[in-house]
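Reading through the structure tokens given below for one structure.
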Amino acid sequence: MKEKYYITTPIYYPSAEFHIGHCYTTIIADAIARYKRLSGFDVFFQTGTDEHGLKIENKAKEAGVTPKEYVDKIIENAKDLWSRLNISYDFFIRTTDDFHVKKVQEIFKKLYDQGDIYKGEYKGLYCVPCESFWTETQLVDGKCPDCGRDVSEVTEEAYFFKLSKYQKKLEEYYETHPDFIEPVSRKNEMLNNFIRPGLEDLCVSRTSFKWGIPVTFDEKHVIYVWIDALTNYITSLGYPDITPEFKKYWPADLHLVGKEIVRFHTIIWPAILMALDLPLPKQVFGHGWLIIDGGKISKSLGNYKDPREYIDSYGVDAVRYFALREVPFGSDGTFSEKALITRTNADLCNILGNLVSRTIQMGIKYFDGNVKNPEIYDTIDSDLLEPLKDLKVNVDKKMSELKINEALDCIFDILRKCNKYIDDTTPWVLAKDEENKDRLETVIYNLLNAIHKCALLLQAFIPDTADKILASLKVNNRSFENFADKIILYELGNEKPANLFERIKED
Ligand code: ME8
């Protein structure tokens, strides 16, 4: 039986159209999911939308529509965006899905019945755009630490989750599961800034707005944010029913999240799971932010373009490659259209695209498109063939460490070596002498073989481009199980290949 792998993105707020930051997490999750599938895992990849709350209620009011009408439109665009980015999710959960609503109500009732949720009174400093309560000490210059806007003091009757009860257990869990939070700096931040200073019980219901899941036993309350949002990762599998899907996929192997919601995923979510007596996800990875003009790209600041414009201008794989390659995964990085263009020209156009088109053209010109391996080797070949032998092992290792940009770098290093190999072996000189025909064919074969292996791996990252390359090499076995296959004869046909990437003008 195949080993399972369950990976999730955050469920995003459809309070405004999605931007390149949402694409960033989702593209990375997609590349990991694809890599695992190609490696033979039974993958479940989930994304979705977090649709309740005051902010969306207010936005819908401003737009003169119901909250459901408001989010439906944004979700239609989001699904179109994911389809154009080739996001291979297995399930898209919406927190307004009937099944989720019912299951959240059951979970809330269960936690109440067992004493983990109780009724109290909430007094707090609230930021409306961020839908977050803050303590005095968390404010920055008296303002919301996330968006820098004013907060207001609010008092109301509310239900609370006994988060404080889980403080010790969480600390112990962190100690016994050193890989639970990555990168490790985020784990230290959670311990030092939140857990050790003491956890306060968490407000989990509101009476001041209506757009949320009603508490079944106290209908003036709606469930506030986290018990609704975080449980998406298990309601989709059927929980509280212990379904075959739940048994198979839970616990999740990886929750990918932005650094600002690591706290919710590594403190509140584990505590809810502990209260439900369920296993915890194996890992939460908190990645950095894409920064634009020195600040975070943000829906509430509205400082961004529809990512579909970048896809239209530069192609889906340029956008995917940029997200995967540009920034060391975990750190913050800058997004700009200029950097996207530079990266596309330098790597996809110059290194990959030119190599593939040059090599295929030589295969057609010198061998009518049928290239086998006469095995006339030279010492120079080892500069390419030796590193190629280690490629798969190296990329596997980088992927298992979630060093996505370094995994791509391993592949592009081979592609760079191919270009150098062409310069060093000078096939056009070999072609002048019929005596060198077998040596020339060995050179072209070695190049095709290296491109073939790189394209197999690239399927996880830039699937459209990888498919085009594999199709032009007539490679049909594309799973990683076939990685070591030797192709006896590359049949390239005799049509000049179309350019994979056109050079983009930098102005
Ligand atoms: O937080 N750079 O939803 P959200 C990188 N509904 N990633 C970014 C980004 C940026 N500039 N901006 C957004 C929520 N993201 C909750 C989550 S989960 C149970 C509930 C990505 O729409 C990143 O993954 O604000 C971040 O954590 C997420 O979008 C926030 O999306």
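The values are calculated or read from the model by the stated rules, or taken from the named source; none is laboratory data. For clarity, every value in this text was computed on a predicted model and none was experimentally measured. Positions of Cβ are backbone-derived with ideal geometry, glycine not excepted, and every protein chain shown enters the neighbour counts. When the accessible area is computed, the model is the full protein with side chains, heavy atoms only, and any ligands, DNA or RNA have been set aside. Shrake-Rupley method; radii C 1.70, N 1.55, O 1.52, S 1.80 Å.
Scanning segment 312-348 for residues that are within 19 Å of LYS505 (Cα to Cα) and surrounded by fewer than 18 Cβ atoms within 10 Å (Cβ to Cβ) yields a count of 9. If the condition is being part of a loop (DSSP other than H, G, I, E, B) and closer than 18 Å to CYS23 by Cβ, then segment 268-292 contributes GLY288, TRP289. Taken over segment 247-267, the residue count meeting the criterion of being hydrophobic (A, V, I, L, M, F, W, C), open to solvent by 10 Å² or more (accessible area, probe 1.4 Å) and in a helix (DSSP H, G or I) is 2.
I'd like to check something: does segment 312-325 contain any residue that is under 18 Å from the mean Cα position of the chain (by Cα) and either part of a loop (DSSP other than H, G, I, E, B) or farther than 16 Å from LEU458 by Cα (or both)? No, the conditions are met nowhere in segment 312-325.
Those residues that are open to solvent by 10 Å² or more (accessible area, probe 1.4 Å), part of a helix (DSSP H, G or I) and either more than 8 Å from the ligand (Cβ to nearest atom) or among the small types (Gly, Ala, Ser) (or both), I need them from segment 11-29; list them, please. Result: GLY21, single match. When the residues of segment 206-255 are filtered to those that are at pLDDT 95 or above and of a type in the set (Phe, Trp, Tyr), the one that is nearest to the ligand (Cβ to nearest atom) is TYR233.
Has segment 257-276 got at least one residue that is among the aliphatic types (A, V, I, L, M) and near the ligand (Cβ under 8 Å from one of its atoms)? Yes, segment 257-276 has at least one match. Selection over segment 473-499 of residues that are under 22 Å from TYR35 (Cα atoms) and touching an Asp or Glu at 6+ places or on another chain (Cβ under 9 Å) gives a count of 6. The residue pairs whose first member lies in segment 286-308 and is at negative phi and open to solvent by less than 50 Å² (accessible area, probe 1.4 Å), whose second member is within 7 Å of the ligand (Cβ to nearest atom) and modelled with pLDDT under 90, and whose beta carbons are closer than 6 Å, counting only pairs six or more residues apart or on different chains, are LEU290/ILE297. The condition (being of a type outside the set (Ser, Thr, Tyr), surrounded by fewer than 14 Cβ atoms within 10 Å (Cβ to Cβ) and assigned to a loop (DSSP other than H, G, I, E, B)) is satisfied by just one residue among GLU386, GLU375: GLU375. Residue pairs whose Cβ atoms lie under 7 Å apart, separated by 6 or more positions or on different chains, with the first residue in segment 32-56 and assigned to a helix (DSSP H, G or I) and the second away from the ligand (no atom under 15 Å from the Cβ) and of a type in the set (Ser, Thr, Tyr), are ALA33/SER88; ARG34/SER88; LYS36/TYR5; LEU38/SER479.
Does any residue of segment 65-73 turn out to be surrounded by fewer than 23 Cβ atoms within 10 Å (Cβ to Cβ), of a type in the set (A, V, I, L, M, F, W, C) and touching a residue at least 24 places away in the same chain (Cβ under 8 Å)? No - not one qualifying residue is present in segment 65-73.
For the residues GLY40, GLY53, GLY115, the requirement of being at positive phi and within 13 Å of the ligand (Cβ to nearest atom) singles out GLY53. Within segment 475-501, no residue satisfies the criterion of being within 27 Å of the chain's Cα centre (by Cα), farther than 17 Å from LEU457 by Cα and charged (D, E, K, R). Scanning segment 288-296 turns up at least one residue that is under 21 Å from the mean Cα position of the chain (by Cα), near the ligand (Cβ under 8 Å from one of its atoms) and of a type in the set (Lys, Arg).
Within segment 153-176, being open to solvent by less than 60 Å² (accessible area, probe 1.4 Å) and out of contact with any helix residue (DSSP H, G or I) (no Cβ under 8 Å at 6 or more places or on another chain) holds for VAL154, GLU156, ALA158, PHE160, SER164.
Taking the numbered list (1) free of Cβ contacts under 8 Å to residues at least 24 places away in the same chain; (2) within 15 Å of the ligand (Cβ to nearest atom); (3) in contact with a Phe, Trp or Tyr (Cβ under 8 Å, 6 or more places away or on another chain) in turn, ASP97 passes all entries but (3). When segment 205-234 is examined, which residues are found to be within 18 Å of GLY120 (Cβ to Cβ), outside any loop (DSSP other than H, G, I, E, B) and open to solvent by 10 Å² or more (accessible area, probe 1.4 Å)? Residue satisfying the conditions is TRP226 alone.
Among the candidates PHE161, PHE180, single out the residue that is in contact (Cβ under 8 Å) with a residue 12 or more places away in the chain, within 16 Å of the ligand (Cβ to nearest atom) and hydrophobic (A, V, I, L, M, F, W, C).
Working: PHE180 fails: within 16 Å of the ligand (Cβ to nearest atom).
Of PHE161, PHE180, the one residue that is in contact (Cβ under 8 Å) with a residue 12 or more places away in the chain, within 16 Å of the ligand (Cβ to nearest atom) and hydrophobic (A, V, I, L, M, F, W, C) is PHE161.
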